[in-house]
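Only one structure is covered here, and it is reproduced in the block below.
What follows is calculated from the coordinates using simple rules that are stated; it is not laboratory data. What you see is a predicted model; the values in this text were computed from it and never measured. Cβ placement follows ideal geometry from the backbone for every residue including glycine, while neighbour counts extend to all protein chains displayed.
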Amino acid sequence: MCGIFAYLNYLAPKTRQEVIEILLLGLQRMEYRGYDSAGIAIDGIPTENNGIMLFRSPGSPSVLKDHIYGHQDMDLTTKYDVHCGIAHTRWATHGPPCELNSHPQRSSNSDFLVVHNGMITNYREVKEYLIKKGHHFESETDTEVIAKLIQHIHDRNPEFNFRTLVETTINQLEGAFALAFKSNRFPSQLVVTRRGSPLLVGIKSKSRLSTDHFPVLFSNARGYDGTSGSDSSFSEDTPYTRIVRKPSRLDTSIRPLDTDNWEVEYFVASDASAIIEHTNQVIILEDDDVALIEDGSLSIHHIRRGDDSMISQVREVQQLNLELQDIMRGEFKTFMQKEIFEQPDSVVNTMRGRLLPNGNIVLGGIKGYVNEIRRCRRLILIACGTSYNSAIACRQIMKELTQLPVVLEVASNFLDEETPIFRDDVCFFISQSGETADTLKALTYCKSRGALLIGITNTVGSSICRESHCGVHINAGPEIGVASTKAYTSQILSLVMFALVMSDDRISMQDRRRSIIEAMQKLPGRNHQKPVTFMIRSRSYQGSSEARQQSAGNREEDLPGEVSFDHGPRVHFATCLEGALKIKELSYMHCEGIMSGLNALQQVLARGGRPIIIADNDVPEADLAGLEHVLRVPRTVDCIQNILTVIPLQLLSYHVAELNGKNVDRPRNLAKSVTGVGGDRDARVR
């Protein structure tokens, strides 16, 4: 998991310092995607280093900033009418964090530079081939083979233009990637492409664009013969391919409509959070799209790979449904703290326009598929991490209301188990970002077997959204903190609403449905006081805060090394799993969720334990007699009680991590994706 960013200004004069600041700001907005190392590449003095200035350093973008401005001999006032810069923040997968392994990676003569998000699975074979051809490698990354390979192809085919070079290069690569290329052979040009990793292109211009919908040229691939028989390919199974452009009369480029004012700026990023403060006009690239920016115009080609009948032949300029304040911490110390306290609003946004005043539930994203879903054999919920816990929380109510078998699958194990999938199955893919790699692989597997696919995401335009037949957008808003909080509660609400829609024709379920709907209507406000807000700010929490401050002087080794959560009702099992996950993610303490009851509580007390009890207001005082630490939460219907009881555990994990001196927004060995036009912790553990 990494973040890539690129910026090209055309006839929009910028100083070198302004370009650097734009690139660094883009990286800072994507630090949650990785913070092991960072780097940028900009234009320099033509007579030095092939005219490229490359800055790389281990650490976060702030460390890179100090490294860049530590070069006293750099002229920051140099002004560029046209300039292309690329940047990268890295989450190490191949090779430890160090300057040589940081991106941008370069070709042997620094003619080509590339930044990469993803993983090249056949990089060893490509690397062996290039070494035989005389190329030398300086890093341990899989990305360096891309830079060396495009240089190799260019040396043998100097007539290829930049786009053709990139298309030829990526046809040799296997795996998932999003790439941005810069080259002094093609000054002021930028080529970006993706396959299996998200990538957006933002457009900023003072004049209106020539079109909001424009056609995409399709490119065909055919075998390419090198300069000699021994050089035709690096393996028999992966021959070179040469891209042949089909003749077309269509103008596929975007540029400002006002020909007297072609001033335009392009921003390319892995996530919308890096673009929103510059522009809200974006194009979401699809897999195997290759976008070229040249002379102020953007053109997109799509490489044909098998059956492309389902590929859209246009790319739409979309408006980002995002505000700058959504990705800022504001008055809060951390993003996680902010997102915990945003849950009173996020649950309202999830239900807005869906839970109607008359008690009806409307989910427009699945409206056309309701009858087909009702005829299905079973419901299969596929997810990872926190999203998987939300599926556990809703499994029972979905079984009860739909009267269908409900199967849960961990996405990372799904393909290994070769789970049988049938045409009359309905498969749910739950992901905050809509880009979780394992969940996407499971989606592809299920799609090939003809199942109906439903995406549950927080991201309009994400890969899961595009590949699914239908879906539900949870509307939780951007979630920057790596540990997922508000997405979890919104996912629960979305799945419960799905179950309610599926059961609206069952007479025997009407009383049960009515009680759930009434509880959901009361959730946003009880006597004009939000129960979630009340719970966060309750006297119990003030008390626990005092206790927390009293223990703040304790040494880290005095804190408990193992924490377990014991819950009685089966409905709370997902809550204790999610609470345990948060403790492990943020505090690196062993923690388990255990299904048990009051008998286990008495055993803990008998052995001198000091349990913390989370109980709703209806639990009798007699059951809690003699207990020192009790947190009361409002009582609601069982299937959404998780939404209320999980928040104390979110706050507990937050404060325990702070007491341990941990950075809650940057937990060790975790990163996430927040891609969205509109986190499952979409985390990667390395």
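Observations, loosely collected:
- Spatial offset of region 262-291 relative to region 110-165 amounts to 25 Å, using the alpha carbon center of each.
- Farthest toward positive dipole pole in region 329-527 [+1 Lys/Arg, -1 Asp/Glu at C-beta], among VAL406, GLY481, ILE430: VAL406
- Exceedance of the 19 Å cut-off in Cα-Cα distance is limited, within the set LYS584/LYS662; LYS486/LYS662; LYS65/LYS206, to LYS486/LYS662; LYS65/LYS206.
- Net charge contributed by nearby residues that have their C-beta within less than 15 Å of SER57 (K/R +1, D/E -1): -1
- Summing Cβ point charges (Lys, Arg +1; Asp, Glu -1) relative to the Cα centre of region 414-468 gives a dipole of roughly 240 debye.
- Near GLY477, once Lys and Arg are set to +1 and Asp and Glu to -1 for all other residues with Cβ below 11 Å from its Cβ, the sum equals -4.
- Using the Cβ-Cβ distance between LEU11 and VAL314 with R0 set to 35 Å, the FRET efficiency works out to roughly 0.85.
- Point-to-point label distance, ARG610-ASN660, nm (Cα→Cβ direction, 7 Å offset): 1.8 nm
- Assuming charge only on the beta carbon of Lys and Arg (+1) and of Asp and Glu (-1), the dipole of region 329-527 about its Cα centre is about 520 debye to the nearest 20.
- Taking packing as the residue-averaged number of other Cβ atoms within 10 angstrom, the listed peptides 433-439, 365-371, 199-205 run from highest to lowest as 433-439, 199-205, 365-371.
- Nearby lysines by direct alpha-carbon distance to LYS132 (threshold 27 angstrom, same-chain neighbours under 8 apart not counted): LYS148, LYS182
- Loop-located GluC sites (Glu not before Pro) in region 1-98, at most 15 other Cβ atoms within 10 Å (DSSP): GLU48
- Farthest toward positive dipole pole in region 329-527 [+1 Lys/Arg, -1 Asp/Glu at C-beta], among SER462, TYR369, GLN343: TYR369
- All other residues whose Cβ lies under 10 angstrom from that of CYS639 are scored, Lys and Arg at +1 and Asp and Glu at -1, for a net of -1.
- Taking a ≥ b ≥ c as the square roots of the eigenvalues of the Cα gyration tensor, region 329-527 is oblate, since a/c reaches 1.5 or more and a/b is not larger than b/c.
- PHE218/LYS522 FRET efficiency (R0 51 Å; Cβ-Cβ; nearest 0.05): 0.45
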